[in-house]
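See structure below.
The values are calculated or read from the model by the stated rules, or taken from the named source; none is laboratory data. This one's a predicted model, so the numbers in the text were calculated from it and none came from an experiment. We place every Cβ from the backbone using ideal geometry, glycine too, and count neighbours over all the protein chains shown.
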Amino acid sequence: MFFRNLVWHPVLVICLLVIQRGFCVPLDKIHTRTSVEIQAQAVTDLIGRLLPGRANEFDVKVEPGLPGEENGYFQIEKVSGNATVFVRGSTGVMAAWGFHYYLTQFCHCQVSWDTDQLNLPAVLPDVSVRITSLDKLRYYQNTCTVSYSFAWFQWPRWEREIDWMAMNGINLPLAFTGQEIIWQRVYLGLGLVQADLDEHFSGPAFFAWQRMGNFRGWGGPLSDNWHQATLALQHKILERMRAFGMIPVLPAFAGHVPRAMERVYPNTSYTYLTPWVTFEDQYCCPLFVQPTEPLFTEIGTRFIQEMIAEFGTDHVYNCDVFNEVPPTQSDPDFVSSVGASVYSAMATTDPDAIWLMQGWLFKSEAAYWTPELSKALLTSVPQGRMLVLDLQAEINPQYIRLESFYGQPFVFCLLHNFGGTLGLNGAIPTISDRVIDARNFPNSTMVGTGLTMEGINQNYIVYDKMLEMGWRNQAPDLNQWYDEYTVRRYGVDSSAIKSAWRILQTSVYNDTSGRSFHGQYLLTDRPALFKFPFIWYNSRDVILAWDSFIASALTEPMLSEAPNFRHDVIDVTRQSMSEIFSQLYGRLLVTYCDKNVTALGEVARHMIDLLQDLDNLLQTGPKFLLGKWISDAKSWGVTEGEILQYEWNARNQITLWGPRGEILDYATKQWAGVVADYYKPRWEVFIRELEITIEENRRFNSTAYQSMVFNAVEKPFTFSTKIYPVVETGE
């Protein structure tokens, strides 16, 4: 959030002044309305959930900050002879952040997506520290995260995630759950019928892209059971976020509507959006209402009204009007009219509205979004009334090219991950420097940092580093930082494991290529001839790190008992096996080119055995199970039909991603069950085709193979209902 009401009785409005070209831009009226007592209790309850046996050792209060602490502060006090740790913060989020700071920096603990390490000392360490946040905002989520990671979250998992947000200082999270029932009310109120909506709404695993107008209907329709359950869940999510003093970001209207609107409002001007990737007409191209049309404002206003009536508002709304689908015109006046209309639809109902926009369009369609057209969109809204997420600023910052977004405030975001894929990777050395550079950019309008990964549960070290930049004003010594990270993560101070991480530090986590990494590996891609994925490191280093992990467990037996160590051993072993598989693939190509079917068969046997070994390995880790993903999806089903639909949604997203593999393997997952029943059979079909081409002395027919593997392996996997374990098995 931009600023915070630090006391409950009089509304204290702190005006954020962004200096840009000699004038100031106010971002006002964005503050929590939650009392300090409720915020303090929310943090106390969090501590009780996390440390039930020691929660009484912490005393939490939410109190106003001093002059100069408008960004927020936290203070931790613990003195000898007193068992109580006093936690103070300007908001509930700041107090929770301070509690987490104490756990990590003084007690050497970690709370992560993977698992927790909470081996607190018997006597809590003394401390006296007061930290002021360097920015107003800490933002969380990509609009795709709600599909790739949060699609099947029930309340217990959401409660855990919101606790994690609070402990990491997140004060501006997306809150997108349950919006389809609001859209249903709006569209039915405008004269559409349920059949029109059944054709329009996608399934839960694909909400992100239907909401952004990329396609329609894929994976749907939605049942009333779904609508009612997600409505109730959203109320719980918002209540908890607001209890901490967070500012939840609600959705707004971007102009995309069901095709049936053309039947009901035939005199309105529409545009059929261009196909996204290769989706065919049955699913592609929803209508786009021209922003100059009265219907645009009517729909947008009704939606905000209905949303506020149901959920209340904190005045920040996300709207991504041109996500990977550029406008139909290259006219600055047209682009400006779109922006003005989008904002008008918000502000008509909520005069204090702030439009939060993902800045991905400026990167993904950079050829279209010239400085002139970008400026037309960005300046179509009063300064301070649009907040831009520089979505991949760690690699491709747009604030430089677009002159701090022509005066609009922006959040420096780390994207890092696409599709929730697994794979050790990161550009850790540049994260701190890039954030500091953005803060110091001439006339910078940066007001925060954020995490905008498409999927969570991977490479936690990268996000841990980024989250610290909310309070770090200079880059830490990386060697020291990695050493401290290993102690926090495992609860063991081991030189052996520090050495293992030093290898990862200088290889997979030292990406200086400047390229986006999509987590595509040979073993997870549809097999093909002469396919060589890009890597920026020596694969031998990963295997050396693997050896060091195993050796450290032998020299430090306590490591084997640390859940995070067990997770990381599986992850590094998984990565190493992927590297070995790639080496075997190279040998397979040599035997194929030599037309040596016997040698090819021998190499192939090793490849298939490795894939089965990999699946066996992944079964030992709770975070590497297909069964959990499917079970979570099925848990939403009330009827047998819903259960089947949600399982199919879950399977399709991580494999074909569309009816014909339109985004094949984009959200690939190296999970037990996927490896054995999807990747391995594909390679078996591929290898058999190579053998046949040698035996029959003919060229490999790639088109025929793709059709064969689609019908024999890929499509059947998405419709399978095979049951998989939901808990880890084996060692």
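Every residue, every condition in (1) modelled with pLDDT of 95 or more; (2) under 28 Å from C144 (Cα atoms); (3) charged (D, E, K, R), yes or no:
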residue	(1), (2), (3)
N457	yes, yes, no
E468	yes, yes, yes
V487	yes, no, no
A500	yes, no, no
Across (1) over 21 Å from F215 (Cα atoms); (2) surrounded by fewer than 16 Cβ atoms within 10 Å (Cβ to Cβ); (3) among the aromatic types (F, W, Y), Y272 clears everything bar (1)
Exactly one of L295, L231 is closer than 19 Å to Q194 by Cβ, modelled with pLDDT of 95 or more and either polar (S, T, N, Q) or not in a loop (DSSP other than H, G, I, E, B) (or both), and that one is L231
May I ask you to list the residues in segment 100-151 that are more than 25 Å from the chain's Cα centre (by Cα) and at positive phi? H108
Tell me the residue from D163, D196 that is within 30 Å of V79 (Cβ to Cβ), among the acidic types (D, E) and either assigned by TED's automatic domain parsing to the domain that holds E642 or assigned to a helix (DSSP H, G or I) (or both), please. D163
Taking the condition assigned to a loop (DSSP other than H, G, I, E, B), over 27 Å from the mean Cα position of the chain (by Cα), assigned by TED's automatic domain parsing to the domain that holds W209 and not small (G, A, S), does T278 pass? no
Looking only at residues in segment 323-357 that are over 24 Å from P173 (Cα atoms) and hydrophobic (A, V, I, L, M, F, W, C), which one is surrounded by the most Cβ atoms within 10 Å (Cβ to Cβ)? V335
Take the conditions of a type in the set (G, A, S) and at pLDDT 95 or above and apply them to S560. Does it pass? no
Report, ordered by the first and then the second residue, all pairs with beta carbons closer than 7 Å, sequence separation of six or more or different chains, a first member in segment 637-664 that is assigned by TED's automatic domain parsing to the domain that holds V146 and touching a residue at least 12 places away in the same chain (Cβ under 8 Å), and a second member that is in a loop (DSSP other than H, G, I, E, B) and of a type outside the set (D, E, K, R). none
Which residues, taken from segment 199-228, are assigned to a helix (DSSP H, G or I) and of a type in the set (D, E, K, R)? E199, R211, D224
Under 29 Å from G448 (Cβ atoms), in contact with a strand residue (DSSP E or B) (Cβ under 7 Å, 6 or more places away or on another chain), in a helix (DSSP H, G or I) and not β-branched (V, I, T) - does that describe any residue in segment 489-497? yes
